[in-house]
Amino acid sequence: MAPTEYAAIVVGASFAGLAVARQLRGRVLLLDRHEVGAVQTSACGTPLWVPRELGVESSVLQVHERLTVRAGRHAITYDLSAVPFCTFDYRAFCQGLLAQSDARFLRTAVSAIEDDRVTTAEGSFRAPVVVDCSGWRGVLVNGATVRPEGGAYTFGLEARTPVRDDGLTFFIDRDVVAQGMGWIFPVGDGSLIGLGSYAGRSKLRPQLERYLKGQGIEPGPYHGTYFPNRLGHATVGRLFAVGDAAGQCLPLTAEGIRPALYFGSECGKIVQRIIDGALTLDAGLASYRALVERYRRAYRMLWWVQYLTVHAPTTLLALITRMAAHRPLHPRWWPRYGGFGRIQPAGAPA
Ligand SMILES: Cc1cc2nc3c(=O)[nH]c(=O)nc-3n(C[C@H](O)[C@H](O)[C@H](O)COP(=O)(O)OP(=O)(O)OC[C@H]3O[C@@H](n4cnc5c(N)ncnc54)[C@H](O)[C@@H]3O)c2cc1C
């Protein structure tokens, strides 16, 4: 049977895929192996302006104006009020974005691409434009070649707990996790408490259990996965890649939601111009590549701070963290960092 034809195919219907799809009009196919919003892997912390600007503010569970960083015995509190953060409900957020899209959604696992033909468990589909938003594995851009152990991927594991708090916390404690950090992200009726290994060590469950037990906290269900900590390729051959599939998760802070939404939005606008005949595929690929390249230096800088976090003595880290929390540094960098990735309305220059 001849494969069904579409104007564009988007693989993966989480942050990146939904951000692309909501920009597209025409015959668009959105594929994911799970129902949209069904499988949460993230603590879902992001600036409050993100769900607001995307029209999914009802997904917000808790707003945070304070972040505490604990480095060894030192605790440093950041005032986030210039750009408050929030934690949100993954399912509500994703379903809200899906409702803004005209794409046909199909639940199926994607296995390969050859030329313009995408192979899935439900048969093959063809499109001149294909966007890989399938997360860290990058099922189309990487094929079967991805190896998460090489240091380019962080592993994160977290547990739902009943702990209630009124601010976000990161902690650097090398007895708990040697090359990484931990976090406590309150989500209204409890908190997600997790550990991340920048070295990509995936066996974090015993450490997390020990940590929670030591704090007298009863863990609920666990979830976790890898996410990249190095910017990868924005395009591979004729494929666009967005979000974790393109290594766009920020190093150090492990914020991957904003980049996936921002680059997804911009990629979606470019793809729409290709669908409309205003851009060739090659010109569209080049334009998206150039956009992502503009951020490579910033990613490299964050990667160096991540390196420092792993290797510098805790007292030095505490000193740097304290300096960054106060004037004159804090008002300079926090609004800039917190404003990264503001989603421009369709038609605005990239
Ligand atoms: C424990 C943990 C906590 C985190 N906390 C935060 C946080 O608080 N804030 C933040 O900004 N970032 C956080 N991150 C990082 C963030 O979750 C990711 O960077 C983000 O999810 C990337 O979005 P994405 O759309 O690129 O990929 P994903 O969210 O991974 O989505 C990929 C989608 O592709 C689908 N898919 C995969 N393979 C196939 C296939 N073969 N066929 C069909 N569909 C497929 C998947 O089902 C999924 O829906 C965290 C990560 C972890 C692991």
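The values are calculated or read from the model by the stated rules, or taken from the named source; none is laboratory data. From a predicted model like this one, the values you see are computed outputs, not experimental measurements. Counting neighbours? That spans all protein chains shown, and the Cβs are built from the backbone with ideal geometry, glycine included. Accessible surface is based on the protein model in full, side chains and every heavy atom, while ligands, DNA and RNA are left aside. Shrake-Rupley method; radii C 1.70, N 1.55, O 1.52, S 1.80 Å.
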(request) Work out, in µm²/s and without decimals, the Stokes-Einstein translational diffusion coefficient of region 107-179 at 4 °C, 1.567 mPa s, Rh from Kirkwood over C-alpha pairs. (result) 80 µm²/s
(request) First obtain the Kirkwood hydrodynamic radius of region 180-270 from its Cα pairs, then insert it into the Stokes-Einstein equation at 25 °C and 0.890 mPa s, and state the resulting D in µm² per second as a whole number. (result) 162 µm²/s
(message) Less than 12 Å from a label point 7 Å out along the Cα-to-Cβ axis of Asp175: which backbone N atoms in region 61-101 qualify, by residue?
(response) 72-73
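So what is the orientation-averaged projected area of region 166-210, using the convex hull of its C-alpha atoms, in nm²?
Details: hull surface 13.3 nm².
Quarter of the Cα hull surface area: 3.3 nm².
Using r as the Cβ-Cβ distance of Ala283 and His330, and R0 as 51 Å, what FRET efficiency do you calculate, to the nearest 0.05? Each step should come with its number before you reach the end.
On the way: r = 41 Å, r/R0 = 0.81.
About 0.80, to the nearest 0.05.
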(request) Could you tell me the distance between the Cα centroids of region 264-315 and region 24-97, to the nearest Å? (result) 20 Å
(message) Taking amide H atoms as placed 1.01 Å from N in the peptide plane, list the residues 5 or more away in sequence, or in a different chain, whose amide H sits under 5 Å from that of Gly180.
(response) Tyr198
(message) From the protein chains alone at 1.4 Å, what is the descending order of accessible area for His330, His233, His64, His74, largest first?
(response) His233, His74, His330, His64
(message) Using the Karplus curve 6.51 cos²θ - 1.76 cosθ + 1.60 with θ = phi - 60°, what ³J(HN,Hα) values do you get for each residue of region 179-193, in whole Hz, with x for Gly and Pro?
(response) 10, x, 8, x, 8, 10, 10, x, 10, x, 8, x, 9, 9, 10
(message) Could you report the accessible area of His223 in Å², rounded to 10, computed with a 1.4 Å probe on the protein chains as they sit in the structure?
(response) 40 Å²
(request) Can you pull the one-decimal nm distance between simple spin-label points at Asp166 and Arg205, each 7 Å off the Cα toward Cβ? (result) 3.7 nm
(request) Can you give me the P(r) profile for region 216-348? Cα pairs, bins 5 angstrom wide beginning at 0, each as a whole percent. (result) 2, 9, 15, 18, 16, 13, 11, 7, 5, 3, 1, 0, 0
(message) Tell me the relative contact order for region 65-214 as a rounded percent, counting alpha carbon contacts under 8 Å between residues six or more apart.
(response) 21 percent
(message) Between Glu35 and Glu65, what is 0.36 nm times their sequence separation minus the Cα-Cα distance? Round to one decimal in nm.
(response) 7.5 nm
(request) Extending each Cα 7 Å along its Cβ direction at Ala99 and Val305, get the distance between those two points in nm, one decimal. (result) 3.5 nm
(request) Using θ = phi - 60° and the Karplus relation 6.51 cos²θ - 1.76 cosθ + 1.60, list the HN-Hα couplings for region 9-19 in order, rounded to whole Hz, with x at every Gly or Pro. (result) 10, 10, 9, x, 10, 10, 4, 5, x, 5, 5
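Only sites in a loop by DSSP and with at most 14 other Cβ atoms within 10 Å count here; which trypsin sites (Lys or Arg not before Pro) in region 53-128 make the cut?
In loop regions of region 53-128 (DSSP not H, G, I, E or B), the sparsely surrounded trypsin sites (Lys or Arg not before Pro) are Arg73.
Could you work out the relative contact order of region 29-141, using alpha carbon pairs under 8 angstrom and six or more residues apart, expressed as a whole percent? Please report the intermediate quantities before stating the final value.
On the way: 165 pairs, mean separation 33.2, N = 113.
Relative contact order here is 29 percent.
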(request) Could you go through region 147-160 in sequence order and give the Karplus-derived ³J(HN,Hα) for each residue, using 6.51 cos²θ - 1.76 cosθ + 1.60 with θ = phi - 60°, rounded to whole Hz, and x for Gly and Pro? (result) 10, x, 7, x, x, 7, 10, 8, 10, x, 9, 9, 10, 7
(request) Using only the alpha-carbon atoms of region 111-264, report the extent along each of the three principal axes, biggest first, to the nearest angstrom. (result) 55, 31, 28
(message) Given 20 °C and 1.002 mPa s, compute D for the chain with the Stokes-Einstein relation, Rh being the Kirkwood radius over Cα pairs; round to the nearest whole µm²/s.
(response) 104 µm²/s
(message) For a distance above 16 Å, tell me the whole-number percent of Cα pairs in region 1-105 that qualify.
(response) 63 percent
(message) Could you compute how much accessible surface Arg174 exposes when probed at 1.4 Å, giving the result in Å² to the nearest 10?
(response) 80 Å²
(request) For Leu61, enumerate residues with amide H under 5 Å from its amide H, sequence gap 5+ or separate chain, H modeled in the peptide plane. (result) Thr87, Phe88, Asp89
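In square nanometres and to one decimal, what's the mean projected area of the convex hull around the Cα atoms of region 21-69?
Details: hull surface 21.0 nm².
The number I arrive at for region 21-69 is 5.2 nm².
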(message) Just to be sure I understand the model, the point goes 7 Å from the Cα along the line to the Cβ. What's the resulting Ala298 to Arg117 distance in nm?
(response) 4.1 nm
(message) For Gly72, what residues show an amide H to amide H distance below 5 Å, using hydrogens built from the backbone and excluding near sequence neighbours?
(response) Ile172
